[in-house]
Amino acid sequence: MKGSTYLWFISMVATIGGLMFGFDVGIISGAVPFIQPYFGWNELQLGWGVSSILFGAIVGAFATGTLTEKYGRKSLLISVALFFAISCAGMALARSQAGFISFRVLGGLAVGSVSVLSPMYVAEVAPRRIRGTLVTIYQLAITFGILVSYIVNYVLHDVENNWRWMFATGLIPSIIFFTGLIFIPESPRWLVKAGKKEKARGILERIGGAEFAGSELKEIELSLQQAGPGGGIRTLFAKKYRKVIFLGLLLAVFVQITGINTVVDYAPKILMTAGLEIKNALLQTSLIGLVNFAFTFIAVWLIDKLGRKTFYTIGSSGMAATLLMLAAAFYFEASPIFTTICIMLFIAFFASCIGPAFWTLVSEMFPNRIRGQAVALASFTQWVFTFLVVLFFPYVLDALGGAATFLFLAIMSAIQLLIVQVYLKETKGKSLEEIEKLWIE
């Protein structure tokens with residue numbers, strides 16, 4: 001197997017990590033109505049139970065940057081697949097709050113690590129002309145994982161020990177992920193950094209032929225020579241990298257405080273607050289998951305044609321408008337159907353624009369010398385804010401109501417739009433080494 005077939009195979013295997021990411025994050029939404037009374041949690045305890053996976057994700061993302069520079073991308077991805085499987089089994093069998101949360105934190109370690117490794121790996125093996133498309137498939141896999149989890153939740157909601165079976169189904173994709181990883185190569189860019197140039201050449205030739213391999217190797221080596229030797233965290237915050245690090249952190253903060261995971265993790269709860277009974281809330285949540293998955297195909301089709309900045313502009317504007325509509329729906333006590341439509345529109349703008357553009361930018365915007373640690377820092381930051389948003393959302397929704405809560409999220413989307421217009425540069429059609437020159441003057 002070689003050429004485009006080989007490239008698509010290794011990219012698809014790596015993006016199964018996105019499916020596991022989406023599944024682990026989304027499966028809790030349907031389990032919440034059954035876990036909360038089982039463990040006797042109040043709203044803040046529920047927030048901790050749901051967000052504990054994000055605490056693990058923070059640690060996983062933070063640690064992965066250093067570990068992947070030392071041990072490579074592939075070996076860590078294999079470890080992540082094992083963590084996914086163990087955590088799914090552990091949550092399904094948990095008898096105590098402590099046991100459940102411990103395995104959920106372990107699953108978070110895997111989610112945090114894969115959020116760094118999968119998009120970075122795909123960006124490092126993909127030719128520039130389709131890099132955006134291939135990395136966007138990682139986001140598509142996340143939405144597919146969320147959709148699968150919503151469908152599993154709906155199908156199993158009337159089954160005895162329903163929430164246990166919901167978590168147990170995660171073993172299936174974990175095993176597929178682990179098996180596929182055995183057959184993919186190491187990242188050629190990491191191999192060059194590790195002094196294994198000829199091995200990297202062989203992989204690049206298998207992906208795009210001898211001419212492609214020679215051209216890529218020259219660019220990689222030149223960028224590493226110009227950057228000089230690495231210096232850990234001190235190098236990461238060197239003056240020449242501050243601009244791109246600052247923007248990466250801003251994007252990571254706003255991708256979460258605009259509210260996507262409030263919907264992903266709490267969609268049934270939001271809809272029940274709006275007046276739906278649990279069965280219908282779970283069904284509507286499945287439809288929301290379908291919208292999330294379907295609209296990501298727009299990004300797969302267009303991100304390398306329209307560009308990342310265009311996607312961010314359209315997505316931020318649409319999210320701000322639909323969140324205002326959602327705030328109005330709660331303020332005027334509109335019908336649950338209208339509330340569901342508002343949520344679907346919000347999800348459509350995020351899924352088609354912001355989600356894919358964010359992960360594509362984070363995987364490609366940082367220079368070769370610091371990419372592992374920089375991607376980890378950006379991922380770590382977005383997980384910190386995901387944790388805070390998911391932890392406090394049930395309490396804020398209960399204390400302030402839906403109108404004020406979603407109005408705040410609309411304002412955050414408007415600020416995100418402003419940041420993109422002022423700071424973001426277009427990266428479509430450029431090699432990773434050409435993108436590096438956009439930021440380092």
* Gyration tensor (alpha-carbon) shape descriptor, region 1-64, a/c threshold 1.5 -> oblate
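Tell me the Kirkwood radius of region 361-439: reciprocal of the mean inverse pair distance over distinct alpha-carbon atoms, in Å.
This gives a value of 15.1 Å.
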* Asked: Using alpha carbons only, how many degrees (0 to 90, rounded to 10) separate the axis of helix 371-423 from the longest principal axis of the chain?
  -> 10
* To do: May I have the pair-distance distribution P(r) for region 254-332, computed from all Cα-Cα distances with 10 Å bins from 0 and rounded to whole percent?
  => 15, 41, 32, 10, 1
* Structure fact -> In region 275-376, taking the dipole from +1 charges on Lys and Arg beta carbons and -1 charges on Asp and Glu beta carbons about the Cα centre, the listed residue (Asn292, Leu323, Leu276) farthest towards the positive end is Asn292
* Identify all aspartates and glutamates with a Cα-Cα distance to Lys70 below 14 Å; exclude those on the same chain that are fewer than 8 residues away in sequence. => Glu186
* Asked: Mind listing the Cα extents of region 77-154 along all three principal axes, in Å, largest one first?
  -> 50, 29, 14
* For region 327-377, give the percent of accessible area contributed by carbon and sulfur heavy atoms, probe 1.4 Å, rounded to a whole number. => 71
* To do: Go through 209-218, 52-61 and give me the packing order, highest mean Cβ count within 10 Å leading.
  => 52-61, 209-218
* Structure fact -> Listed by chain and number, the aspartates and glutamates with an alpha carbon less than 20 angstrom from that of Lys239, same-chain partners under 8 positions apart left out, are Glu364, Glu433, Glu434, Glu436, Glu441
* Please determine, in degrees from 0 to 90 and to the nearest 10, the orientation of helix 260-273 with respect to the longest principal axis defined by the Cα atoms of the chain, where the helix direction is its Cα long axis. => 10
* Structure fact -> What one gets for region 125-189 as the Kirkwood radius, inverse of mean 1/r over different Cα pairs in Å, is 14.3
* Using the Kirkwood radius built from alpha carbon pairs, what does the Stokes-Einstein equation give as D for region 36-185 at 10 °C and 1.306 mPa s, in µm² per second? -> 96
* Structure fact -> For Phe9 the rounded accessible area (nearest 10 Å², probe 1.4 Å, non-protein molecules ignored) is 70
* To do: Name the aspartates and glutamates eligible as straight-distance cross-link partners of Lys193: C-alpha to C-alpha under 13 Å, and not fewer than 8 places from it in the same chain.
  => Glu69, Glu124, Glu219, Glu221
* Tell me, how many Å apart are the Cα centres for region 1-59 and for region 330-381? -> 15
* To do: Find the relative contact order for region 65-172 and round it to a whole percent, using C-alpha pairs within less than 8 Å whose residues are 6+ positions apart.
  => 33
* To do: Find, to one decimal place in angstroms, the Kirkwood hydrodynamic radius of the chain, where the mean of 1/r is taken over every pair of different Cα atoms and then inverted.
  => 21.7
* Can you flag which of Lys74/Lys269; Lys74/Lys279; Lys196/Lys309; Lys197/Lys240; Lys2/Lys425 are past 30 Å Cα-Cα? -> Lys74/Lys269; Lys74/Lys279; Lys196/Lys309; Lys2/Lys425
* Asked: Projected onto the charge dipole of region 45-145 (+1 at Lys/Arg Cβ, -1 at Asp/Glu Cβ, origin at the Cα centre), which of Ser115, Ala92, Gly60 gives the Cα projection farthest towards the positive end?
  -> Ser115
* Evaluate the Debye formula for region 292-419 with equal point scatterers sitting on the alpha carbons, no solvent, and hand back log10 of I(q)/I(0) at q = 0.10 Å⁻¹, in q order, two decimals. => -0.37
* Helix 43-71 versus the longest principal axis of the chain: what is the Cα-based angle in degrees, 0 to 90, to the nearest 10? -> 10
* Volume of the Cα convex hull of region 48-114, divided per residue and given in Å³ -> 60
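Using the Cα centre as the reference, give the magnitude of the dipole from point charges on the C-beta atoms of the chain (Lys, Arg: +1; Asp, Glu: -1; all else neutral), rounded to the nearest 20 debye. Before the final figure, lay out the partial values.
On the way: 34 positive and 24 negative charges, 288 e Å.
That gives the chain a dipole magnitude of about 1380 debye.
The values are calculated or read from the model by the stated rules, or taken from the named source; none is laboratory data. Model, not experiment: these values are computed from the prediction. Because the Cβ atoms are built from the backbone with ideal geometry, glycine has one as well, and the counts that use them run over all protein chains shown. Keep in mind that these areas ignore ligands, DNA and RNA; they rest on the heavy atoms of the full protein, side chains included. Shrake-Rupley method; radii C 1.70, N 1.55, O 1.52, S 1.80 Å.
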